[in-house]
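Trainee: Here it is: the structure, laid out below.
The values are calculated or read from the model by the stated rules, or taken from the named source; none is laboratory data. In this text the structure is predicted, and so the values were computed from the model without any measurement. Cβ: placed from backbone, ideal geometry, glycine included. Neighbour counts: every protein chain shown. These accessible areas exclude ligands, DNA and RNA; they are computed on the full protein's heavy atoms, side chains included. Shrake-Rupley method; radii C 1.70, N 1.55, O 1.52, S 1.80 Å.
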Amino acid sequence: MSKSITIKNEGLSKCPECKGEDKLIYQQEWDRLFEYYDKSTQAHDLVVNRIYNDDKQPKYICADCSLKILVTA
Ligand SMILES: [Zn+2]
């Protein structure tokens, strides 16, 4: 079973669990969010709310140890 942790938003380059570098995969939902929605619009906030609060979609997943990383604002 994969673990998940919550961290403060900061530029991550290493996995906090296995210390693997460049192993963190930015999750599609978050990627799409920033691609399609303007940060200054309400739609952006609504989508953040959904994938963050409702879906609890991790922002990164480690390719090596499968650690799920949720990021707080
Ligand atoms: Zn890892």
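Trainee: Jot down the per residue volume, in cubic angstrom and as a whole number, of the convex hull over the alpha-carbon atoms of the chain. Before the final figure, lay out the partial values.
Mentor: Numbers: hull volume 6.4 nm³, N = 73.
With only Cα atoms used, the chain gives 88 Å³ per residue.
Trainee: Rounded to the nearest 5, what is the percent of antiparallel bridges among the DSSP beta bridges in the chain?
Mentor: Numbers: 6 of 11 bridges.
The antiparallel fraction comes to roughly 55 percent.
Trainee: Please calculate how many Å² of accessible area region 4-72 carries per residue, with a 1.4 Å probe and no DNA, RNA or ligand atoms counted.
Mentor: Details: 4680 Å² over 69 residues.
Spelled out: the 1.4 Å probe surface of region 4-72, per residue, equals 68 Å².
Trainee: Right, something else. Considering the chain as a Gaussian network with a 10 Å cut-off on Cα pairs, which listed residue, 28, 42, 57, attains the greatest mean-square fluctuation?
Mentor: 42
Trainee: In sequence order, what are the phi-derived ³J(HN,Hα) couplings for region 23-36 according to the Karplus relation 6.51 cos²θ - 1.76 cosθ + 1.60 with θ = phi - 60°, rounded to whole Hz, with x for glycine and proline?
Mentor: Karplus values, whole Hz, x for Gly and Pro: 10, 7, 9, 5, 6, 3, 4, 6, 4, 4, 3, 6, 7, 9.
Trainee: Which value, in debye to the nearest 20, gives the size of the charge dipole of the chain about its Cα centre, when Lys and Arg are +1 and Asp and Glu are -1 at the Cβ? Write down the numbers at each step before the final one.
Mentor: Values: 11 positive and 12 negative charges, 52 e Å.
Once rounded to the nearest 20, the dipole reads 260 debye.
Trainee: Where does the chain land at 222 nm, in deg cm²/dmol rounded to the nearest 500, when only DSSP H runs of n ≥ 4 count, each adding -39500 (n - 2.57), divided by all residues?
Mentor: On the way: 2 runs with 17 residues, N = 73.
Dividing the helical sum by the residues of the chain leaves -6500 deg cm²/dmol.
Trainee: I've got another one for you. What list of ³J(HN,Hα) values in whole Hz, one per residue of region 51-57 in order, does the Karplus curve 6.51 cos²θ - 1.76 cosθ + 1.60 (θ = phi - 60°) give from phi, with Gly and Pro shown as x?
Mentor: 6, 8, 7, 8, 7, 6, 6
Trainee: Determine, for the chain, the count of lysine pairs separated by eight or more sequence positions (or lying on different chains) whose alpha-carbon distance falls under 26 Å.
Mentor: Final tally of qualifying lysine pairs is 27.
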